[in-house]
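Working notes, structure below.
Every number in this text was worked out from the coordinates using simple rules, so none of it is lab data. All of these numbers come straight from a predicted model, not from anything done at the bench. All Cβ positions, even for glycine, are placed from backbone atoms using ideal geometry, and neighbour counts span all protein chains on display.
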Amino acid sequence: MSGYIRWLGHSAFEIYLAGNVILVDPWISNPLSPVSVGEYRGRVDLIVVTHDHMDHVGDTLELLKINPGARLVAVYELANHIGEQLGDPGRVVGANIGGPVRVEGVNTTILFFPATHSSTRGVATSVLLSDGKTSVFHAGDTGLFSEMELIGELYGVDIALVPIGGHFTMDALQAAKAVQMLKAKVAIPMHYNTFPLISANPDDFERKVKQLSPSTRVIVLKPGEKYEF
């Protein structure tokens, strides 16, 4: 094993890549989560937030407080806002669509891409994390958008984390098409069944991926489970 992805419910993930622990959209206290914020004390190297909605910023501020060595990367306006709340703007890295972004002490390159979604501070994003061997694409909250095909062509997505819950994001069919466009080797569904409004069956997503992208392996995780690579 060189790394792992652990789903914490909703869109929250713990990703171990190139020797670093990275949390993406860390709403650790979401209704599906099997862990507490306190379990991450002193364990986190980097936090990445895709946009400013509560269910994605989540417990970022508390996590930064209990991990004094950790840094945050987010779109510029959101990063600055969190830095002000933290009272330590030097610990945040404001970025934007494009990249790459590199953070001292973290062996992973971060690239932000669009997401078709709303955000009060800055714009909503998706994000690609790569250590040069494995690339992980977290789609954030998004509808389907054609540039996903370009991301797949340019960067070769190994693992795609995609929302399937509908209403606010892609549903199973759109997410399966996204996986095809990204040319993902592995796909992991997220952002479903947290609330009745985003109820979805991951088996339906898996069936649709087999139809549209038969070479892609679908991994359905229960909250707390890991996919090792």
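Residue separation times 0.36 nm, minus the C-alpha to C-alpha distance between S146 and L173: what's the value?
Length gained, S146 through L173: 8.2 nm.
Pulled fully out, how much extra length does the chain show between E39 and Q211, if you take 0.36 nm times their separation in residues and subtract their Cα-Cα distance?
Difference between extended and current length: 58.0 nm.
Listed here are the pairs K65/K183; K183/K222; K177/K226; K133/K208; K177/K222; which of them are more than 26 Å apart at the Cα?
Long pairs (Cα-Cα over 26 Å): K65/K183; K133/K208.
Among residues other than L154 whose Cβ falls under 13 Å from its Cβ, what is the net charge (Lys/Arg +1, Asp/Glu -1)?
Summing Lys/Arg as +1 and Asp/Glu as -1 gives -2.
List the GluC sites (Glu not before Pro) in region 104-198 that DSSP assigns to loop (not H, G, I, E or B) and whose Cβ has at most 16 other Cβ atoms within 10 Å. Which are they?
Those that pass, being in a loop and sparsely packed, are E104, E147.
How large is ³J(HN,Hα) for each residue in region 212-229, as worked out from phi by the Karplus curve 6.51 cos²θ - 1.76 cosθ + 1.60 (θ = phi - 60°), to whole Hz, x for Gly and Pro?
Residue by residue, region 212-229 yields 8, 9, x, 7, 7, 8, 9, 10, 9, 9, 8, x, x, 7, 10, 10, 9, 9 Hz.
Compute the signed sum of charges (Lys and Arg +1, Asp and Glu -1) over the other residues within less than 12 Å, Cβ to Cβ, of G166.
Around G166, the charge tally is -3.
Per DSSP helix of 4 or more residues, -39500 (n - 2.57); summed, then divided by the residues of the chain. What does that give at 222 nm, rounded to the nearest 500?
Computed ellipticity for the chain at 222 nm equals -6500 deg cm²/dmol.
Put +1 on the Cβ of each Lys and Arg and -1 on the Cβ of each Asp and Glu in region 25-104; which of I47, V57, N80 then has its Cα farthest toward the positive end of the dipole?
Final value for the positive-end residue is I47.
What is region 4-221's relative contact order, in percent, from Cα pairs under 8 angstrom and six or more apart in sequence?
Once divided by the residue count of region 4-221, the mean separation gives 13 percent.
So for region 146-229, what percent of the C-alpha to C-alpha distances run longer than 14 Å?
Value for region 146-229 (Cα pairs over 14 Å): 58 percent.
Long-range amide H contacts for V186: which residues qualify at under 5 Å (H placed 1.01 Å from N, peptide plane, sequence gap of 5 or more or a different chain)?
Close amide H contacts, sequence-distant or interchain: I159, A160, R217.
Mind computing the radius of gyration and Dmax over the alpha-carbon atoms of the chain? Å is fine for both.
15.9, 50
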